[in-house]
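Quick notes on the structure that follows.
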Amino acid sequence: MKLGVIVISGKVCSGKTTLAKEIESRFGIPVLTKSELLAERLHELRVVPNSRQEARLETDTEGRWLKEAIARRMVLGPLDQTKPFLIEGVESPQQIRGVRDLGPRVLHVHLTAPQAVLRTRYKAAKTPSQVAFETRMRRWDAKTEEDFVRDADVVIDTERCRPQDVFERVRARLAPNPLTASACVDVLIGGQYGSEGKGNIAHYLAGEYDVLVRVGGPNAGHKVYRHNDEAYTFRQLPSGFLGNRNAKLVLGAGAVIGLDTLRKEIGELQITPDNLIIDPQALLIDDADKRWEDEVLKGAIGSTAQGIGRATARKILRDPNDSVRLAKDEPRLKHFVHDTVDYFADCLSSGKKLMLEGTQGTLLSLHHGFYPHVTSRLTTVAACLAEAGLSQRHVRRVVMVCRTYPIRVGNSITGNTSGYMGKELEFKEIAKRSGVPLEEINKTEVGSVSHRPRRIAEFDWHLLRRALLLNGPTDLALTFADYLGVENQKSYRYEQLNEEAQRFIIELEKVSGLPVSMVSTAFAQRNIIDRRQW
């Protein structure tokens with residue numbers, strides 16, 4: 001709704017000032033009080049301000065003085081006619097009519113409450129300089145109240161609503177409703193066992209978004225190409241930041257934070273509170289969590305032992321004797337902590353574009369992977385949205401990233417398996433098929449966090465179907481096209497890909513029923529072939 005003027009009326013202690021301050025704070029709308037405008041007008045008339053002169057001015061002008069005072073500010077400044085403003089404390093129907101005559105669209109909010117409630121509030125706030133409650137109420141006869149109620153665009157009983165409830169009812173009339181906003185959230189998800197190359201895709205797409213969101217914890221490293229063949233591995237923050245330093249970064253309530261890892265990235269990337277928002281409910285990992293996983297899980301199931309699972313379990317148990325720490329409890333994060341759900345609502349209302357970057361892969365999901373060789377969280381699109389605090393209603397695209405040859409973290413130090421894969425291969429077989437030097441593959445296929453050699457397998461078409469059903473993607477992104485031929489590393493257009501890569505993409509589109517919208521050919525500056533239609 002395009003507004004010119006917001007007018008707040010109501011008896012003393014009905015909540016006018018509280019509402020006006022909140023609107024000013026949240027929307028940046030300047031507030032003009034009736035008493036301020038009155039003093040200004042009486043000063044122009046060279047009259048000493050008092051209640052008698054106020055009443056006389058109101059009677060002599062039939063309330064038009066307020067309209068004239070506002071018009072004068074519009075013409076001479078400092079009031080900007082192109083932007084909305086708020087008038088607090090209008091006390092006569094004539095004043096309201098005068099404001100409406102100015103021309104700009106008016107939203108009149110009238111606050112009310114029972115007399116006894118107002119008296120109690122007044123006494124609680126009373127200072128020796130204030131006049132008696134009854135004196136303040138003399139101008140409010142039944143007809144005046146009835147006229148205000150009849151004229152108002154919205155009437156709110158502040159006895160039945162808390163201040164935040166009053167604000168929400170008014171905000172619904174000031175800004176587009178985020179629930180009905182156009183879909184503006186794109187989700188990037190891994191379709192296999194993680195390490196599909198999501199970081200590079202996120203880096204490539206980042207410039208198209210206003211907000212970059214990440215879920216999960218520091219057990220997933222997303223590596224991006226930086227410059228001069230250097231790489232940077234994001235473990236906690238959204239990995240598109242180097243591709244768009246103007247974007248706002250968000251860690252939602254479901255994030256699990258390794259404080260040392262996060263602070264290291266903040267320092268290295270020179271992140272400020274203007275860049276990053278962390279939800280107060282995000283979980284912090286304790287050193288004891290990491291020690292337990294290192295002793296129990298690392299050898300048994302090949303865990304990265306970052307403490308995420310144990311920390312999450314403690315949060316779920318809600319043991320009153322356990323000191324679970326959240327982001328809001330950490331003084332070193334206080335400048336970054338804000339309610340992310342409320343921030344997302346503002347983003348949706350203003351039409352900002354968001355990219356949600358999932359971590360790990362669908363087939364590592366706690367419920368849908370090969371238990372117990374899974375991660376400690378759900379890794380599907382729906383789960384990532386829930387962790388971030390976003391709704392599926394606002395999702396525009398879902399890009400599922402798959403490798404030509406899926407990998408898993410390597411065998412644990414005790415030799416136990418790190419979990420199911422399909423038809424496993426040796427790296428030397430990939431080198432033989434593709435022509436990529438074996439030493440290059442050995443260097444690439446090392447866990448970003450665990451630093452253990454990975455396992456690799458043939459593309460699993462059966463599990464592709466499972467990942468498609470769990471995520472409902474709109475697009476696929478194929479990575480490691482160079483494993484289908486080293487010559488693909490120098491391909492910058494689809495038609496430059498070798499015949500094997502093109503056949504693979506055709507088959508992938510046939511089996512999935514989806515477009516392969518991006519193809520990653522190498523870890524280099526020009527490594528993405530963009531085939532999107534959006």
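Just to be sure I understand the filter: pairs with C-beta atoms under 7 Å, separated by 6 or more residues or on different chains, first member in the range 263-290 and closer than 20 Å to ALA388 by Cβ, second member part of a strand (DSSP E or B) and not hydrophobic (A, V, I, L, M, F, W, C). Which pairs pass?
ASN275/LYS248; ILE277/LYS248
For the range 50-98, which residues satisfy the criterion of being β-branched (Val, Ile, Thr), at pLDDT 80 or above and either under 38 Å from the mean Cα position of the chain (by Cα) or in a loop (DSSP other than H, G, I, E, B) (or both)? Walk me through it before giving the result.
From the range 50-98, those β-branched (Val, Ile, Thr) are 59, 61, 70, 75, 82, 87, 90, 96; that's our starting set.
Applying the additional criterion that residues be at pLDDT 80 or above yields 70, 87, 90, 96.
Selection gives ILE87, VAL90.
The rows are residues; the columns are (1) in a loop (DSSP other than H, G, I, E, B); (2) charged (D, E, K, R); (3) touching a strand residue (DSSP E or B) at 6+ places or on another chain (Cβ under 6 Å).
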residue	(1), (2), (3)
ALA305	yes, no, no
ASP322	yes, yes, no
ASP342	no, yes, no
LEU363	no, no, no
PRO372	yes, no, no
LEU378	yes, no, no
VAL401	no, no, yes
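Within the range 137-147, can one find any residue that is acidic (Asp, Glu) and either touching a His at 6+ places or on another chain (Cβ under 7 Å) or not assigned by TED's automatic domain parsing to the domain that holds CYS13 (or both)?
Just the residues of the range 137-147 that are acidic (Asp, Glu), to begin with: 141, 145-147.
Subsequent filtering for residues that are either touching a His at 6+ places or on another chain (Cβ under 7 Å) or not assigned by TED's automatic domain parsing to the domain that holds CYS13 (or both) retains none.
No, the range 137-147 has no match at all.
Among the residues that make up the range 213-227, is at least one of them modelled with pLDDT of 90 or more and farther than 26 Å from SER418 by Cβ?
Yes.
Do we find that ARG226 is surrounded by fewer than 23 Cβ atoms within 10 Å (Cβ to Cβ) and in contact with a Lys or Arg (Cβ under 9 Å, 6 or more places away or on another chain) in this structure?
Working: surrounded by fewer than 23 Cβ atoms within 10 Å (Cβ to Cβ): yes; in contact with a Lys or Arg (Cβ under 9 Å, 6 or more places away or on another chain): no.
So ARG226 does not fit the description; no.
Go through the range 469-507 and give me each residue that's aliphatic (A, V, I, L, M), surrounded by 14 or more Cβ atoms within 10 Å (Cβ to Cβ) and either within 30 Å of ALA383 (Cα to Cα) or outside the structural domain of TYR204 (by TED's automatic domain parsing) (or both).
Our first condition is that a residue be aliphatic (A, V, I, L, M); within the range 469-507, this holds for 469-470, 476-478, 481, 484, 486, 497, 501, 505-506.
Retained after the next criterion (residues that are surrounded by 14 or more Cβ atoms within 10 Å (Cβ to Cβ)): 470, 476-478, 481, 484, 486, 497, 501, 505.
Scanning the range 469-507 gives LEU470, LEU476, ALA477, LEU478, ALA481, ILE505.
Does the range 287-313 hold any residues that are crowded, with 19+ Cβ neighbours inside 10 Å, among the charged types (D, E, K, R) and at pLDDT 85 or above, and which are they?
Once the filter is applied, which keeps residues that are crowded, with 19+ Cβ neighbours inside 10 Å, among the charged types (D, E, K, R) and at pLDDT 85 or above, the range 287-313 yields only ARG310.
When the residues of the range 129-149 are filtered to those that are of a type in the set (Ser, Thr, Tyr) and surrounded by 10 or more Cβ atoms within 10 Å (Cβ to Cβ), which remaining residue is modelled with the lowest pLDDT? Break it down into steps so the answer makes sense when it comes.
From the range 129-149, those of a type in the set (Ser, Thr, Tyr) are 129, 135, 144; that's our starting set.
If we keep only those that are surrounded by 10 or more Cβ atoms within 10 Å (Cβ to Cβ) too, we end up with 135, 144.
Values: THR135: 81, THR144: 88.
Among those that are of a type in the set (Ser, Thr, Tyr) and surrounded by 10 or more Cβ atoms within 10 Å (Cβ to Cβ), it is THR135.
What are the residue pairs meeting all of these: first residue in the range 451-467, first residue of a type outside the set (A, V, I, L, M, F, W, C), second residue part of a strand (DSSP E or B) and surrounded by 20 or more Cβ atoms within 10 Å (Cβ to Cβ), Cβ atoms under 7 Å, and 6 or more apart or on different chains?
Once the first residue is of a type outside the set (A, V, I, L, M, F, W, C) and sits in the range 451-467, its partners that are part of a strand (DSSP E or B) and surrounded by 20 or more Cβ atoms within 10 Å (Cβ to Cβ) give ARG454/ILE407; ARG454/ARG408; ARG455/ILE407; ARG455/ARG408.
Filter the range 366-382 down to residues that are buried (at least 19 other Cβ atoms within 10 Å of the Cβ) and free of Cβ contacts under 8 Å to residues at least 40 places away in the same chain, then give me how many there are.
So the answer is 1.
Could you tell me whether any residue of the range 315-332 is among the hydroxyl-bearing types (Ser, Thr, Tyr) and either more than 30 Å from THR272 (Cα to Cα) or surrounded by 12 or more Cβ atoms within 10 Å (Cβ to Cβ) (or both)? Break it down stepwise before answering.
Let us first name the residues in the range 315-332 that are among the hydroxyl-bearing types (Ser, Thr, Tyr), namely 323.
Add one more test, that the residue is either more than 30 Å from THR272 (Cα to Cα) or surrounded by 12 or more Cβ atoms within 10 Å (Cβ to Cβ) (or both), and what stays is none.
Taking every residue of the range 315-332 in turn, none turns out to be among the hydroxyl-bearing types (Ser, Thr, Tyr) and either more than 30 Å from THR272 (Cα to Cα) or surrounded by 12 or more Cβ atoms within 10 Å (Cβ to Cβ) (or both).
I'd like the full set of residues that are of a type in the set (Val, Ile, Thr) and either in a helix (DSSP H, G or I) or surrounded by fewer than 16 Cβ atoms within 10 Å (Cβ to Cβ) (or both), limited to the range 150-161. Spell out how you get there, then give the answer.
First, pick out the residues of the range 150-161 that are of a type in the set (Val, Ile, Thr): 154-156, 158.
VAL154 - this is the single residue of the range 150-161 that is of a type in the set (Val, Ile, Thr) and either in a helix (DSSP H, G or I) or surrounded by fewer than 16 Cβ atoms within 10 Å (Cβ to Cβ) (or both).
Restricting to the range 179-210, name every residue that is part of a helix (DSSP H, G or I) and within 22 Å of ASN246 (Cβ to Cβ). First the steps, then the outcome.
Residues of the range 179-210 that are part of a helix (DSSP H, G or I), as a first pass: 179-180, 198-208.
LYS198, GLY199, ASN200, ILE201, ALA202, HIS203, TYR204, LEU205, ALA206, GLY207, GLU208, listed by residue number.
Report yes if THR359 is over 17 Å from the mean Cα position of the chain (by Cα), in the same structural domain as ALA220 (by TED's automatic domain parsing), surrounded by 14 or more Cβ atoms within 10 Å (Cβ to Cβ) and assigned to a loop (DSSP other than H, G, I, E, B), otherwise no. Break it down into steps so the answer makes sense when it comes.
Values: over 17 Å from the mean Cα position of the chain (by Cα): no; in the same structural domain as ALA220 (by TED's automatic domain parsing): yes; surrounded by 14 or more Cβ atoms within 10 Å (Cβ to Cβ): yes; assigned to a loop (DSSP other than H, G, I, E, B): yes.
No, not satisfied.
When you check LEU497 against the structure, is it touching a Gly at 6+ places or on another chain (Cβ under 9 Å) and in contact (Cβ under 8 Å) with a residue 12 or more places away in the chain, yes or no?
It is true that LEU497 is touching a Gly at 6+ places or on another chain (Cβ under 9 Å) and in contact (Cβ under 8 Å) with a residue 12 or more places away in the chain.
Identify all residues within the range 324-340 that are assigned to a helix (DSSP H, G or I) and hydrophobic (A, V, I, L, M, F, W, C); write none if there are none.
At the first step, the residues of the range 324-340 found to be assigned to a helix (DSSP H, G or I) are 327-329, 331-333, 340.
Residues satisfying the conditions are ALA327, LEU333.
Looking at (1) in a loop (DSSP other than H, G, I, E, B); (2) crowded, with 22+ Cβ neighbours inside 10 Å, find the lone condition where VAL213 falls short.
(1)
Per-residue answers, yes or no, for (1) under 16 Å from the mean Cα position of the chain (by Cα); (2) not aromatic (Phe, Trp, Tyr):
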site: GLY190; (1), (2): no, yes
site: GLY197; (1), (2): no, yes
site: ILE201; (1), (2): no, yes
site: ARG214; (1), (2): yes, yes
site: HIS222; (1), (2): no, yes
site: HIS227; (1), (2): no, yes
site: GLU230; (1), (2): no, yes
site: PHE234; (1), (2): no, no
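LYS510 - would you say it is farther than 18 Å from VAL401 by Cβ, at pLDDT below 95 and surrounded by fewer than 22 Cβ atoms within 10 Å (Cβ to Cβ)?
Values: farther than 18 Å from VAL401 by Cβ: yes; at pLDDT below 95: no; surrounded by fewer than 22 Cβ atoms within 10 Å (Cβ to Cβ): yes.
Criteria not met by LYS510.
For the range 306-332, which residues satisfy the criterion of being touching a residue at least 40 places away in the same chain (Cβ under 8 Å) and among the aliphatic types (A, V, I, L, M)?
ILE308, ALA311, ALA313, VAL324, LEU326, ALA327
Can you tell me how many residues in the range 101-113 are over 38 Å from the mean Cα position of the chain (by Cα) and at pLDDT 85 or above? Spell out the reasoning first.
Residues of the range 101-113 that are over 38 Å from the mean Cα position of the chain (by Cα), as a first pass: 101-102.
Now narrow it down to the ones that are at pLDDT 85 or above: 101.
Residues that pass the stated criteria total 1.
In the range 169-210, what count of residues is obtained for those that are surrounded by 19 or more Cβ atoms within 10 Å (Cβ to Cβ) and polar (S, T, N, Q)?
3
The values are calculated or read from the model by the stated rules, or taken from the named source; none is laboratory data. Quick caveat: nothing in here was measured; it's all calculated off a predicted structure. FYI the Cβ positions are ideal-geometry reconstructions off the backbone, even for glycines, and counts take in every protein chain you see.
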